[in-house]
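One structure is given below, encoded as structure tokens.
The values are calculated or read from the model by the stated rules, or taken from the named source; none is laboratory data. Every value quoted in this text rests on a predicted model; they were computed, and no experiment measured them. When we count neighbours, we look across all protein chains shown, and the Cβ atoms used for this are built from the backbone with ideal geometry, even at glycine.
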Amino acid sequence: MFWQPKEWRNSRAKGQHYELLAQDYLEKQGLTPVSRNYNCRYGELDLIMKEGLTWVFVEVKFRRKQEFGGVLYALTERKQQRLRRTIAHYVQKHDLAHCILRADYVAIEGQSVPQFHWIKNVL
């Protein structure tokens, strides 16, 4: 059985844990963190990072098991639409219209040893 700390019984705490793991993973790949958990009326951006001059908006998902296609299929069309709107809101609010932008997806799966799948340009 998968061990979970008491504080993970709250899905938000679990989500933040895996967002930090994803951020650490991406930092090791050369990206620089800018912000986490940006919220607006359209949705939330898990991670905002930069790779050189490119602004990278990262959606992070974790699945313990590979049921229903696993974590690689967890980024639904509806979630992608919300992500587009939220990115557009962030870009407008921070005057990034003339910057290079990219949306990435970090899928984390596994019970004891997390396995990372980094998919660039998901939108």
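Some notes on this structure:
- Of residues in region 49-91 being of a type in the set (Ser, Thr, Tyr) and modelled with pLDDT of 95 or more, the one farthest from residue 34 (Cα to Cα): 86
- Condition met for residue 34 (closer than 18 Å to residue 97 by Cα and buried (at least 19 other Cβ atoms within 10 Å of the Cβ)): no
- Of the residues making up region 49-67, at least one is outside any loop (DSSP other than H, G, I, E, B), out of contact with any Leu (no Cβ under 9 Å at 6 or more places or on another chain) and exposed (fewer than 15 other Cβ atoms within 10 Å of the Cβ).
- Filtered by the rule that a residue be in a loop (DSSP other than H, G, I, E, B) and touching a helix residue (DSSP H, G or I) at 6+ places or on another chain (Cβ under 8 Å), region 84-123 gives 96, 97, 99, 114, 122, 123.
- Any hit, region 19-31, residues being modelled with pLDDT of 95 or more, over 13 Å from the mean Cα position of the chain (by Cα), surrounded by 14 or more Cβ atoms within 10 Å (Cβ to Cβ) and not in a loop (DSSP other than H, G, I, E, B): no
- Against the conditions (1) modelled with pLDDT under 95; (2) under 20 Å from residue 11 (Cα atoms); (3) of a type in the set (A, V, I, L, M), residue 97 satisfies every one except (2).
- Of 107, 97, 88, 22, all but one fail to be in contact (Cβ under 8 Å) with a residue 60 or more places away in the chain and not hydroxyl-bearing (Ser, Thr, Tyr); the exception is 22.
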